[in-house]
2 protein chains.
Amino acid sequence: MNDMSNMYIPTYDDVLAAHDRVRPYIHRTPVLTSTYFNDLTGAELFFKCENFQKAGAFKVRGASNAVFGLSDEMAARGVATHSSGNHALSLSYAAGRRGIKATVVMPRTAPEAKKAAVRGYGGEVLECEPSTAAREAMLEELVARTGADFVHPYNDHRVIAGQATCSKELYEEVEGLDTIVAPIGGGGMISGTCLTTQELSPNTKIIAAEPKNADDVYRSFHAGEMIEDDSPQTIADGLKVSLRPRTWHFVSNYVNDVLLATEEEIVDAMYLTWQRMKIVIEPSCAVPLAVILKNKEMFAGKRVGVIITGGNVDLKKLPWMQV
Amino acid sequence: MNDMSNMYIPTYDDVLAAHDRVRPYIHRTPVLTSTYFNDLTGAELFFKCENFQKAGAFKVRGASNAVFGLSDEMAARGVATHSSGNHALSLSYAAGRRGIKATVVMPRTAPEAKKAAVRGYGGEVLECEPSTAAREAMLEELVARTGADFVHPYNDHRVIAGQATCSKELYEEVEGLDTIVAPIGGGGMISGTCLTTQELSPNTKIIAAEPKNADDVYRSFHAGEMIEDDSPQTIADGLKVSLRPRTWHFVSNYVNDVLLATEEEIVDAMYLTWQRMKIVIEPSCAVPLAVILKNKEMFAGKRVGVIITGGNVDLKKLPWMQV
C-alpha cells in the first residue's frame, strides 16, 4: 500500500507537531534507573518506561497522532488497521478519546484476550482467515466501503512522528546519552528515534535490538537491502513483523548497529527486570537489556538510554513458566 | 524483650532525625497514580511505591535508621534479628552499607531462596528449629555471646521512626489527603504513619488494611486490648506477625479503622495492580487496594494515599497460578 517513489518521510517538525497534538492523551512516562543493572553492566542505564503508557505501550503515541491529525470530515469515517498487538489497543484507545470508530482486522485465531482488550477500549474486531492475503483483502474492502482511514502500525509517517515523541522526552530529561537502544520489529520506534537523535543528540549511537529468531533487520542491515522475515517464531511477539520502506529508510541511513538476542537471553533479561526493577515488561522490551548484558564491553562506562516499549503480557502465561 | 513501663515511644523529632540519617541509603520512591483505579473506585489514589525501594521494601528505612544510629563501638559488634522476610534483607543491606555484620536467625524450614537473598546482601543466616522458643533462645544466645544489637522487625522505636519516613515523603509530595491506607502485620509501618499524620496532616484518616485470615489487629482494635494471632495462614506472608506493645500503642490511639480482605480479594487486587499499573507488588501490599475496592463508598470522592510496601515475590510461584 506504500510506494517508494511517493513516500513522505517525516521530519523533526512533524515530531514537534505530533508532540503538541498527542500530549493531552498520553503520559509523559518516567525514566527509571537501577543500581543493580548499572553494577551488572558497568554502564549507566536510563530506562524510558513506556510500559506505564496509556494502553500499556508506546504505540499510543503514533496512533494518537494519526487519529487527532484527521480533519473532522475524515475522522467521521473512522480509522482502521490490522494488528493483533499493541497498535490495535492503541488505535482503539485513541479513537475512543476522539469519539470515532476504530475497526481492527484480526485473524480469527488471535487470542480471545486480545480481541476482548480491543473491545474493552471501544474498538470493533473484524475476524479474517489467518493469512496475509485474507487480512489485506478484508482491510481493503473495509476501507473502500466505509472510507475509514488506514493507520498502518509503523509504515505511516504520522505513526513514526508520533513514536518519536518517546525518545524526544528521554533526550529532554537525560543529557549526554552515548547510546540509545530500542527494540526493533517493523521499525516504527527506531525510525522515530532516528529523527529525534539527528536533531537533539546527533552524537548518540543508535542500536536496534532484535530477536535472533526474527533477524530480518540484522540481515537487511548487513545486506544493504530490505529482506523480509517469513513468519518468524519468537517470544517477543511484538517484533515478528518486517521492515517496510519508510522504516527501512531510517534503519539503512541512521542506525549504527543491530544486535541480536536469543530466546533464552530475552526471557532471562525479562525475568531479571521484573525481579530487580519490580516492573512488568513484555518480552519485546527485554531485548535491549538482553543485548546490553550480552555485549557489556560495548556499553561499559557509557550513558545508555533504553526504551522499555510496553507492559502488555498475559500474567497467567509467563515465559519462565514454560522454558 | 520489651517492657511496657520502660517503653520509649518515638516522636516526630525522631522521624526527622531518622530521615536525615537514612537518606543516603534509601530511594525517595515515586508516587504513582492510575486513571484505571481512579475510575474503578471513584477516589483519587496516590500510590507510594516502596516496591522500588532498596532491598525491595520499606523495611530498609527502619533497618537503616537502627544500623546508622549505632555508635562505632556498638556497630563493631554487629546487628542481629529474627525474620524470614523483608526485614532480614533490609538489615543485611544496611549492615553491608555500614560495613558491619548482620546475623539473621531463620527457621531451618524457611525457603532456601530467602536464605540465599540474605546472604546475597552479605548477611549471615543462623538456622533454628521452627518454633518461637527455639528462635528466641538462639537469638538471646547470639546477643549474649557477641554483643550484637538486636533490631526487632517492628517493636523498636528506631525502626518505627525509620518506617515513618515513608509517609513523611508521601505527605510532602501530595497535599490534602483525606485518608491514608497501609497494610498491617506487626504494625511498624502503621505506627510510623500515625507519627507523621499527627504532625503533617492531622485531619487525614488512618486505615489499617489486614488479611481476614490474620485479623489480630481487627480483633484487638474492637476489643480495646492487644490480642495475638496464633500462626495465621495467609498469602500476605509479610502480615502474619502480631502487634507488640509499641505498635499497639499507636494502633489503639491513632488508627481510625481496620478493614479486612479475604485471600481471594487480596490476590485479585494484586493481579489487577500488576495488570493495570505494570508494577510488581507482593501480596501484602495488595491488601490496601483490596479493602478500597471492597468498600468503595467509603473512599469515593476522596484523596487517598496508599502505601505499596514492597515487591519481593517469587516470580515462579505467583498466587494466580495456584488459586
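The values are calculated or read from the model by the stated rules, or taken from the named source; none is laboratory data. Computed from a prediction, not measured in an experiment: that's the story for all the values here. Every residue, glycine as well, gets a Cβ built from its backbone with ideal geometry; the counts of neighbours run over all protein chains shown.
For residues in segment A:24-39 being in contact with a helix residue (DSSP H, G or I) (Cβ under 7 Å, 6 or more places away or on another chain) and of a type in the set (Val, Ile, Thr), which is farthest from B:Tyr121 (Cα to Cα)?
Among those residues, the one meeting the criterion is A:Ile26.
Run B:Gly186 past the list (1) more than 26 Å from B:Gln233 (Cβ to Cβ); (2) in a loop (DSSP other than H, G, I, E, B); (3) touching a residue at least 60 places away in the same chain (Cβ under 8 Å) and report the number of the one that doesn't hold.
Single failed check for B:Gly186: (1).
Could you please find all residues in segment A:267-284 being more than 22 Å from A:Ala55 (Cα to Cα), more than 9 Å from every other protein chain (Cβ to nearest Cβ) and either in contact with a Lys or Arg (Cβ under 8 Å, 6 or more places away or on another chain) or of a type outside the set (Gly, Ala, Ser) (or both)?
A:Val267, A:Asp268, A:Leu272
State yes or no: is B:Val306 closer than 19 Å to A:Met321 by Cα, in contact with a Phe, Trp or Tyr (Cβ under 7 Å, 6 or more places away or on another chain) and in contact (Cβ under 8 Å) with a residue 60 or more places away in the chain?
no
Does B:Gly42 count as surrounded by fewer than 24 Cβ atoms within 10 Å (Cβ to Cβ), among the small types (Gly, Ala, Ser) and not assigned by TED's automatic domain parsing to the domain that holds B:Ala137? Talk me through it step by step, then tell me what you get.
On the way: surrounded by fewer than 24 Cβ atoms within 10 Å (Cβ to Cβ): yes; among the small types (Gly, Ala, Ser): yes; not assigned by TED's automatic domain parsing to the domain that holds B:Ala137: yes.
Yes, satisfied.
Any chance you could count how many residues in segment B:74-132 are assigned to a loop (DSSP other than H, G, I, E, B), among the hydroxyl-bearing types (Ser, Thr, Tyr) and either over 27 Å from B:Ile308 (Cβ atoms) or touching a Cys at 6+ places or on another chain (Cβ under 9 Å) (or both)?
Residues that pass the stated criteria total 2.
Being assigned to a helix (DSSP H, G or I), within 29 Å of A:Arg21 (Cα to Cα) and among the acidic types (Asp, Glu) is the requirement here; does A:Glu141 meet it?
No: the conditions fail for A:Glu141.
Given (1) hydrophobic (A, V, I, L, M, F, W, C); (2) in contact (Cβ under 8 Å) with a residue 12 or more places away in the chain; (3) over 17 Å from A:His249 (Cα atoms), identify the lone condition not met by A:Ala144.
(2)
Step by step: first the residues of segment A:240-266, then only those that are under 24 Å from A:Val159 (Cβ atoms) and of a type in the set (S, T, N, Q), then the one that is nearest to the other protein chains (Cβ to nearest Cβ). Which residue is that?
Among those that are under 24 Å from A:Val159 (Cβ atoms) and of a type in the set (S, T, N, Q), it is A:Thr247.
Considering only segment B:28-62, state which residues are within 14 Å of chain A (Cβ to nearest Cβ), touching a Lys or Arg at 6+ places or on another chain (Cβ under 6 Å) and not in a helix (DSSP H, G or I).
Answer for segment B:28-62, where residues must be within 14 Å of chain A (Cβ to nearest Cβ), touching a Lys or Arg at 6+ places or on another chain (Cβ under 6 Å) and not in a helix (DSSP H, G or I): just B:Val31.
Please work out if A:Thr234 is under 30 Å from B:Glu282 (Cα atoms) and more than 14 Å from chain B (Cβ to nearest Cβ). Talk me through it step by step, then tell me what you get.
On the way: under 30 Å from B:Glu282 (Cα atoms): yes; more than 14 Å from chain B (Cβ to nearest Cβ): yes.
For A:Thr234, the condition - under 30 Å from B:Glu282 (Cα atoms) and more than 14 Å from chain B (Cβ to nearest Cβ) - is met.
Scan segment A:164-183 for residues that are part of a strand (DSSP E or B) and either among the hydroxyl-bearing types (Ser, Thr, Tyr) or free of Cβ contacts under 8 Å to residues at least 12 places away in the same chain (or both) and report the count.
Residues flagged as part of a strand (DSSP E or B) and either among the hydroxyl-bearing types (Ser, Thr, Tyr) or free of Cβ contacts under 8 Å to residues at least 12 places away in the same chain (or both) within segment A:164-183 amount to 1.
Only one of A:Ser71, A:Ser83 is outside the structural domain of A:Pro283 (by TED's automatic domain parsing), among the hydroxyl-bearing types (Ser, Thr, Tyr) and without any contact (Cβ under 8 Å) to a residue 12 or more places away in the chain. Can you tell me which? Spell out the reasoning first.
Values: A:Ser83 fails: without any contact (Cβ under 8 Å) to a residue 12 or more places away in the chain.
Criteria check complete, one pass: A:Ser71.
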